[in-house]
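Colleague: Below you'll find the structure I mean.
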Amino acid sequence: MDFFDPTGREFWATVGTAVLCGAIIGFERQLRGKPAGIRTSILVCLSTAVFMQLGGSSVGETGDPTRVLGQIVTGVGFLGGGVIISQGGVIAGVTTAAVVWVLAAIGAVIGLGHEPTAIVLALVTVSILVGVEALEPTISRFGRRPPHGP
C-alpha cells in the first residue's frame, strides 16, 4: 500500500491520527495559554509522521528510516530549545520544550504505523501534564525552600 496516495486508507489513518494526537495534547496546552498550542502541536506531530513515512518509503533507494529519525530528534531538540527562555534567573518553557519532544516521538510512532499506541501516548501525556500539576502544591511542601533574606 502506498502511503502517498491520498485516496488510500493508510494516508488518512496516518494524517487523522497525527491530527487527533496533536489536538489532544495541544488542547491542554492551549487551555493553559502555553506557546505551543493546538496548531503547533498538530503540525509537529503531523510533520514527524510524514518525515517517518518518507524515510520508510525510500528504503529500497538510498534512504534509511533510522537516519531520518535521528535527524528528527536533532531538529526537534533545536525547536524545543527555542521555546526555553531565561529572564532574571528564571527559566521558563522547559515543559513546553518537553511537550514538543513528546509530540515528535508520537509522530514517529504514527509514521511507523502504530496508531493505537500513539493515541494512548497522547492520553498519557495529557494525564501527566494535568495530574502532576494537580500534585505540585503538595510536592512542593516537601522540597527545599529558598533561604529568607537578612
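The values are calculated or read from the model by the stated rules, or taken from the named source; none is laboratory data. The structure presented is a predicted model; accordingly, all values stated were derived computationally and were not measured. As a convention, Cβ positions derive from the backbone with ideal geometry for all residues, glycine included, and neighbour counts pool all protein chains shown. When the accessible area is computed, the model is the full protein with side chains, heavy atoms only, and any ligands, DNA or RNA have been set aside. Shrake-Rupley method; radii C 1.70, N 1.55, O 1.52, S 1.80 Å.
Colleague: Check 48, 96, 66 and return the single one that is closer than 22 Å to residue 2 by Cβ and modelled with pLDDT of 85 or more.
Modeller: Of the residues listed, the single one that is closer than 22 Å to residue 2 by Cβ and modelled with pLDDT of 85 or more is 48.
Colleague: Additional query: Specify the residue that is surrounded by the most Cβ atoms within 10 Å (Cβ to Cβ); the eligible residues are those in the range 62-83 that are hydrophobic (A, V, I, L, M, F, W, C) and over 16 Å from residue 109 (Cβ atoms).
Modeller: 83
Colleague: Also: Considering only residues that are of a type in the set (Val, Ile, Thr) and over 11 Å from the mean Cα position of the chain (by Cα), look in the range 110-125 and name the one that is farthest from residue 37 (Cα to Cα).
Modeller: The qualifying residue farthest from residue 37 (Cα to Cα) is 117.
Colleague: Within the range 38-59, take every residue that is small (Gly, Ala, Ser) and crowded, with 19+ Cβ neighbours inside 10 Å and give me the one that is nearest to residue 117 (Cα to Cα).
Modeller: Of the residues in the range 38-59, the ones small (Gly, Ala, Ser) are 41, 47, 49, 55-58.
Restricting the remaining residues to those that are crowded, with 19+ Cβ neighbours inside 10 Å gives 41, 47, 49, 55.
Working: 41: 17, 47: 18, 49: 13, 55: 20 Å.
Selected residue: 49.
Colleague: Something else about it: State which residue is most open to solvent (accessible area, probe 1.4 Å) when the search covers only the range 84-107 and only residues that are at negative phi and not hydrophobic (A, V, I, L, M, F, W, C).
Modeller: 87
Colleague: So which residues in the range 1-52 are among the hydrophobic types (A, V, I, L, M, F, W, C) and in contact with a Lys or Arg (Cβ under 7 Å, 6 or more places away or on another chain), if there are any at all?
Modeller: 36
Colleague: Test residue 66 against the stated conditions and say whether it is within 17 Å of residue 119 (Cα to Cα), out of contact with any Gly (no Cβ under 7 Å at 6 or more places or on another chain), polar (S, T, N, Q) and part of a helix (DSSP H, G or I).
Modeller: In short, no.
Colleague: For the range 6-36, enumerate the residues that are open to solvent by less than 20 Å² (accessible area, probe 1.4 Å), under 20 Å from residue 113 (Cβ atoms) and either in a loop (DSSP other than H, G, I, E, B) or not hydrophobic (A, V, I, L, M, F, W, C) (or both).
Modeller: If the condition is that a residue be open to solvent by less than 20 Å² (accessible area, probe 1.4 Å), under 20 Å from residue 113 (Cβ atoms) and either in a loop (DSSP other than H, G, I, E, B) or not hydrophobic (A, V, I, L, M, F, W, C) (or both), then 8, 14, 17, 22 are the ones that fit.
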